[in-house]
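Participant: Got a structure here, written out as structure tokens. Questions coming.
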Amino acid sequence: MLVSFTQTYADNRKSLYKMYAKDSVLIDFKNQFDLNIHSFHNCSKDTIHFYKKHNYVKNSEYWEFMGIPYSETIKTLRDRLFEMGATHFFWSQDDTFAQSNEIYHDGLLDYIKTQERDFLIRLGYDINMIKRISPYPIEINKKLNLYQTNSFYCVKSDCSSMCDHPYIASIDVMEKIWLDEYLDQYTNVWKLEKRMLMNRFSKEYLEMLLPDKILFRNHNLIGKNKRFRLSEINNLKQRGIYART
């Protein structure tokens, strides 16, 4: 069972939802999943209603969390994935969009279904960012290849070892990533990403695959991390899906 998950936080996100509704590449990708979970953490009813109105993804399910730490929503997700018998999991945020209007992901999920354990592919990075990768490509289609690397090589290439950019993992890898010792200690999204993902996997070895082109990535248009905001806006404008924030 293939499950996708999209997390959103609080309010002031309507511009993101308008862009999401126009992102035909991301919608096409999500429509290939058996279940698409949309999680709302401390969001108003108006925000949730607006999102539902602009969501054209099939097999959608909506979860609402109010008044609990962010880390508790992740625990709930982890536990429910096991209960429902999920085999693979696509992580994304409400500011995750496709990098291009061209579809490169044909056949990707068919390949992923054959990888039952120890599988992780990061979709927000590509091989051009990493200094050392496997010389043996895995051909998904005529436009997309995957290459083996690991978290240590990412760090040596001045990239994050692991982060909240979109990825797909087999359920056993997801279990290794989301440990209670981190979820109990770091309860907000910023500390969890830094401590549980970035810092941790700069010291712990984690195998992964990278594509030869970015497929989907986060566009930090709202919130603290706005370092690349101008280039991200330009990318969305070029794709014809930008909505003013």
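Participant: Using R₀ = 25 Å, calculate the FRET efficiency as 1/(1 + (r/R₀)^6) where r is the Cβ-Cβ separation of ARG80 and LYS203; round to 0.05.
Facilitator: It comes out at approximately 0.25.
Participant: Over the range 151-245, what is the relative contact order in percent, taking alpha-carbon pairs closer than 8 angstrom and at least six residues apart?
Facilitator: 31
Participant: Could you give the length gained by full extension between LEU230 and LYS113, i.e. 0.36 nm per residue of separation minus their alpha carbon distance, to one decimal place?
Facilitator: 38.4 nm
Participant: Still on this structure, please answer the following. Using a cut-off of 14 Å between beta-carbons, work out the net charge of the residues near ASN42 (Lys and Arg +1, Asp and Glu -1, ASN42 not included).
Facilitator: -3
Participant: 7 Å from Cα along Cα→Cβ at both THR187 and LYS143: what's the point-to-point distance in nm?
Facilitator: Using points 7 Å along Cα→Cβ, the separation is 4.5 nm.
Participant: Do any GluC sites (Glu not before Pro) in the range 74-127 lie in a loop, going by DSSP, with at most 13 other beta-carbon atoms within 10 Å of their beta carbon, and if so which?
Facilitator: GLU102, GLU116
Participant: Per DSSP helix of 4 or more residues, -39500 (n - 2.57); summed, then divided by the residues of the chain. What does that give at 222 nm, rounded to the nearest 500?
Facilitator: Mean residue ellipticity at 222 nm (helix-derived): -8000 deg cm²/dmol.
Participant: Of LYS18/LYS52; LYS22/LYS58; LYS75/LYS194; LYS53/LYS113, which sit over 21 Å apart, Cα to Cα?
Facilitator: Check vs 21 Å cut-off fails for LYS53/LYS113.
Participant: For the chain, which cysteines have no disulfide-compatible partner, meaning no other cysteine Cβ under 4.7 Å?
Facilitator: Unpaired cysteines in the chain: CYS43, CYS163.
Participant: A further question on this structure: Convert each backbone phi in the range 124-141 into a coupling constant with the Karplus relation 6.51 cos²θ - 1.76 cosθ + 1.60 (shift: θ = phi - 60°), then list the ³J(HN,Hα) values in order as whole Hz, x for Gly and Pro.
Facilitator: Ordered by residue, 3J(HN,Hα) equals x, 10, 9, 5, 5, 8, 10, 6, 9, 9, 5, x, 10, x, 9, 7, 8, 7 Hz.
Participant: Another question, if that's okay. Largest first and in whole Å, what are the equivalent-ellipsoid semi-axes of the range 59-138 based on the Cα gyration tensor, each being the root of 5 times an eigenvalue?
Facilitator: 28, 17, 15
Participant: For ILE241, what charge total do you get from the other residues with a beta carbon under 13 Å from its beta carbon, if Lys and Arg give +1 and Asp and Glu give -1?
Facilitator: Spelling it out: positives minus negatives among the neighbours equals +2.
Participant: Give a residue-ordered list of calculated ³J(HN,Hα) values for the range 105-119 (Karplus: 6.51 cos²θ - 1.76 cosθ + 1.60, θ = phi - 60°; whole Hz; x for Gly, Pro).
Facilitator: 8, 4, x, 5, 5, 4, 5, 4, 4, 7, 9, 7, 9, 6, 10
Participant: What does the charge add up to near LYS18, with Lys and Arg as +1, Asp and Glu as -1, over the other residues with Cβ less than 11 Å from its Cβ?
Facilitator: +4
Participant: What is the chain's relative contact order, in percent, from Cα pairs under 8 angstrom and six or more apart in sequence?
Facilitator: The value is 25 percent.
Participant: With the Cα gyration tensor of the range 2-239 giving a ≥ b ≥ c as the square roots of its eigenvalues, does the rule (a/c under 1.5 for rounded; else a/b larger than b/c for prolate; else oblate) give rounded, prolate or oblate?
Facilitator: rounded
Participant: Next up: Which chymotrypsin sites (Phe, Trp or Tyr not before Pro) from the range 30-99 combine a DSSP loop assignment with at most 15 other Cβ atoms within 10 Å?
Facilitator: Here the chymotrypsin sites (Phe, Trp or Tyr not before Pro) that fit, given the DSSP loop and packing criteria, are TYR56.
Participant: Please report the antiparallel percentage of DSSP beta bridges with both residues in the chain, rounded to the nearest 5.
Facilitator: The antiparallel fraction comes to roughly 45 percent.
No value in this document is a laboratory result; all are computed from the given coordinates. Just so it is clear, the model here is predicted, and its values are computed rather than measured. With ideal geometry, Cβ positions are generated from the backbone for all residues, glycine too; neighbour counts draw on all protein chains shown.
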